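The values are calculated or read from the model by the stated rules, or taken from the named source; none is laboratory data. All values derive from a computational prediction rather than experimental measurement. Reconstructed Cβ throughout: ideal geometry from the backbone, glycine too, with neighbour counts over all protein chains shown. We work out accessible area using only protein heavy atoms, side chains counted, and drop any ligands, DNA or RNA first. Shrake-Rupley method; radii C 1.70, N 1.55, O 1.52, S 1.80 Å.
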Amino acid sequence: MNFEVTNNLINEIEADLELIIIVDKNFKHRFVQDKKLLNKAGFSAGQDENYLFIDKNRLYVGIDKISSVNVRTAVAIAIKSLSPTEYKTVKVASYMNHPKCTAVIRAMVEGFKLGAYSFDKYKSEKAKQPIEKIIISLEDYNEYELNIEKCVIALDNGEITAEATNFTRDIVNTTPEDCFPDTLANIAEELAKNNGLECKILKPKQLREEKMETLLAVARASRHKPRVIHLTHKPKNPKAVVSLVGKGLTYDSGGLSLKPGDYMVTMKSDKSGGSAVLGIMKAVAEMNLPIEVHGFIGAVENMIGGDAYKPDDVLVAKNGKTIEVRNTDAEGRLVLADTLCYAQQEVQADYLFDFATLTGASVVGVGHYTSSVMGNSDNPKDAYIEASKTAGEFATKLDFNRYLKKSLGSEIADICNISNTRYGGAITAGQFLEEFIDDNHKDKWAHIDIAGPAFVEHTWGENPHGASGAGVRTTLRLLEKLAK
Ligand code: BES
Ligand code: ZN
Ligand code: ZN
């Protein structure tokens, strides 16, 4: 799918189809030429409602008000509706909400690319996406004078962001038979080669030398050996240093605390955090952001077998803290504990974010579409939540408290890997991770539990069934802001 922005008037552009976004429910605006027909068809221009006039080659889609979020979703849903058609070129006017702000153009481009995504790797018949070219006219709905150069930058960044999100979606949707820790390491190496990133892969020997025994314990019963991946984007004179750490469980069976069958299905998505880090690193390199960004991924498979780690084991983490294992299904925090320690040893960062499908409790607490944001300090949490708003993702804070922290106490070790209460599981998981954050990073760290939005078994807005690429768009916005 190619994009073009042009100063040509919308009516002068040749295309198979015109996409018309309707903001005014009374169809008063001059872009709306089919008022009577739309009324007759019962089209009320509600948010995301769309109507295709085959005779006139016009596709109408409604939005409640002009905003990036509304345009992104509406455009995504509109483009999805075109998959059974033969239209190859689409033209659309720009719908700005501010004369100098190109955010809506970017959202539009993201909406087209995110909405056109489908995962057909395992289908005999591949999905059809007919649209080859999209022409955006700078003839504006609100008659603002737009600067074409700024619009082209918005378009480029929108394309990079959506492609990185789709790249992450592809990795997460891939089966555990086709995507295991070494596969993630190969993807990282390939990324590094093509995009000028540095890449270091730690195999079991180095992991033992680094004393990452909790990560190694989780990995033990799998025929796939673990990897820790470290990707680096290192520009000259960076404006900030940011570390991103991802949970990369290529499969989570629960281990000996085995998941019931219907809870195990979809656990290929337990690598969503690590896959998001890969997508973010790809985009950071393509945008060539003046920020030093480090991506760390703990890539492990959690399985059962004679060599499996067990409830009752006591593990020693990289920072020397001892952990009583009472549930092998709380494995993500064990893998992250060591990966976070390694990341902090390697890089003194201004911001440290970790991304993980860490708890079912996060999904229970905030629902399927929202990430839970935790940590000791408001600054990184607020930065993430603020960025999520323009990016079109949902994120909300869950506060730590000292009473819940006590529930992680162990009689025989420094800490237990599960809490002794049924409630507040997303927070206690975050507070477990807190034990592995050093004093230098306490105020720099935020933990993002993406268990809700990372993998959803229905389409929602611009997101498809399955992997959404949660965390990629928000983190890119955050990094772009730090780069300004
Ligand atoms: N990967 C799961 C969390 C998860 C659940 C992600 C549902 C996405 C959807 C994690 O490793 C896990 O199993 N957590 C346990 C923790 C419990 C044993 C304290 C959970 O949430 O049940
Ligand atoms: Zn688990
Ligand atoms: Zn898990």
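Count, please, the residues in segment 255-270 that happen to be surrounded by 13 or more Cβ atoms within 10 Å (Cβ to Cβ), at negative phi and not in a helix (DSSP H, G or I).
Residues in segment 255-270 being surrounded by 13 or more Cβ atoms within 10 Å (Cβ to Cβ), at negative phi and not in a helix (DSSP H, G or I): 4 in total.
Under the condition of being of a type in the set (S, T, N, Q) and more than 14 Å from ligand 3 (Cβ to nearest atom), which residue from segment 227-254 is surrounded by the fewest Cβ atoms within 10 Å (Cβ to Cβ)?
Filtering segment 227-254 for residues that are of a type in the set (S, T, N, Q) and more than 14 Å from ligand 3 (Cβ to nearest atom), the one surrounded by the fewest Cβ atoms within 10 Å (Cβ to Cβ) comes out as Asn237.
Could you tell me whether Ala356 is within 16 Å of ligand 2 (Cβ to nearest atom), of a type in the set (Gly, Ala, Ser) and surrounded by 23 or more Cβ atoms within 10 Å (Cβ to Cβ)?
In short, yes.
Restricted to segment 51-79, and to residues that are open to solvent by 20 Å² or more (accessible area, probe 1.4 Å) and basic (Lys, Arg), which residue is farthest from Asn26 (Cα to Cα)?
Here the answer is Lys56.
Can you spot a residue in segment 384-393 that is surrounded by fewer than 21 Cβ atoms within 10 Å (Cβ to Cβ), assigned by TED's automatic domain parsing to the domain that holds Ala337 and on the phi > 0 side of the Ramachandran plot?
no
Test of understanding: among Ala451, Ala429, which residue is part of a loop (DSSP other than H, G, I, E, B) and more than 21 Å from His294 (Cα to Cα)?
Ala451
Could you go through segment 400-409 and let me know if any residue there is over 30 Å from Asp313 (Cα atoms), open to solvent by 20 Å² or more (accessible area, probe 1.4 Å) and either basic (Lys, Arg) or part of a loop (DSSP other than H, G, I, E, B) (or both).
no
Given the conditions (1) of a type in the set (Ser, Thr, Tyr); (2) open to solvent by less than 10 Å² (accessible area, probe 1.4 Å); (3) in contact with a strand residue (DSSP E or B) (Cβ under 7 Å, 6 or more places away or on another chain), report the number of the one that Thr165 does not fulfil.
(3)
Give Gly430, Gly375, Gly320 a once-over and let me know the one that is within 16 Å of ligand 3 (Cβ to nearest atom) and farther than 30 Å from Arg106 by Cα.
Gly430
Tell me which helices (runs of 4 or more DSSP H) are completely within segment 282-392 and hold 3 or more residues being free of Cβ contacts under 8 Å to residues at least 60 places away in the same chain, or say none if there are none.
It comes to 378-391.
Considering segment 324-346 alone, what residues qualify as being open to solvent by less than 10 Å² (accessible area, probe 1.4 Å) and more than 16 Å from ligand 3 (Cβ to nearest atom)?
Tyr342, Ala343
May I ask you to list the residues in segment 134-147 that are touching a residue at least 12 places away in the same chain (Cβ under 8 Å) and either touching a Lys or Arg at 6+ places or on another chain (Cβ under 7 Å) or surrounded by fewer than 12 Cβ atoms within 10 Å (Cβ to Cβ) (or both)?
Within segment 134-147, Ile135, Ser137, Glu145 meet the criteria.
Condition first: in a strand (DSSP E or B), out of contact with any helix residue (DSSP H, G or I) (no Cβ under 9 Å at 6 or more places or on another chain) and surrounded by 11 or more Cβ atoms within 10 Å (Cβ to Cβ). Now tell me which residues in segment 1-19 satisfy that.
Result: Leu17, single match.
Being open to solvent by less than 50 Å² (accessible area, probe 1.4 Å), among the β-branched types (Val, Ile, Thr) and within 23 Å of Trp445 (Cα to Cα) narrows it down to one residue among Ile201, Ile187, Ile280; which is it? Before the answer, list the steps.
Details: Ile201 fails: within 23 Å of Trp445 (Cα to Cα); Ile187 fails: within 23 Å of Trp445 (Cα to Cα).
Just one listed residue meets the conditions, Ile280.
Out of curiosity, is Lys40 of a type in the set (Lys, Arg) and either closer than 17 Å to Asn142 by Cβ or open to solvent by less than 60 Å² (accessible area, probe 1.4 Å) (or both)?
For Lys40, the condition - of a type in the set (Lys, Arg) and either closer than 17 Å to Asn142 by Cβ or open to solvent by less than 60 Å² (accessible area, probe 1.4 Å) (or both) - is not met.
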